[in-house]
Amino acid sequence: MLYRSALRRSMVSSCVLALASLPALGCDSGPPAGDPDAGMTTPETDAYVSPADDAFVVPPDAFNAGAGETGRMVGMTEAHNHFRRMVDTTTPLPALVWDTELAAVAQAYSEQLATTGCGLTHSGGPYGENLYWQSGLSVSALDVVTSWHDEVACYTYGPFMRGDDCNMSCTDAMNSSGCGHYTQVVWRDSARLGCGVATCSSGAEIWTCNYDPPGNYLGQPPY
């Protein structure tokens, strides 16, 4: 089973492609082989911005959760935790914390993909894994996580692939073919996060996020 999301082309001829791993099944893919003109959009950031003053709303304890982030990874943990806080559940989801060892693994794998064809192929490692490919856009950590979270509009809660639903009419409308990125972002038992990004010879970028413990297990609800 293959999960892809957000094959998009912006108004300035830019596109992104994302892929989420399924630990129980495995999957692989690559960047779009044909014309990605299947839809047009631009990155959305308003879910993370205060309507009052367009400033990031960051809880006081969020900085500790992301301690150790550097460069373009700064804000990645809080972006995840922002969307985890949005989940309507009796017991709030625990915050993810940044893990430098996971980040090193993710960075190394992004660099490996960038130098071996710039395709989206999962590592098959022991961690949960979300991949994101983009060309022609200037994206932030927030943009990457927002693209994964957007799948919630198509998702109906339930045990993963054994009672949940990912509405295909909805995903077709956003040029996506799955909800696996979203479920990994909000998977309750995932506790640690590490991400990296590398640039391909074409100028495209590949982002990798690793999660430990991994999510997306068949028959288990995300939270």
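The values are calculated or read from the model by the stated rules, or taken from the named source; none is laboratory data. Remember, predicted model here, so these are calculated numbers, not experimental data. Accessible surface areas use protein heavy atoms only, side chains included; no ligands, DNA or RNA. Shrake-Rupley method; radii C 1.70, N 1.55, O 1.52, S 1.80 Å.
Per residue, what accessible area does segment 125-223 have, given a 1.4 Å probe and all protein chains present, in Å²? Walk me through the intermediate numbers first.
Details: 3290 Å² over 99 residues.
So segment 125-223 comes to 33 Å² accessible per residue, rounded to a whole number.
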Projected area averaged over all directions for the convex hull of the alpha carbon atoms of segment 104-192, nm², comes out at 7.0 nm²
The Rg/Rh figure for segment 143-223, Cα atoms and Kirkwood Rh, to two decimals is 1.01
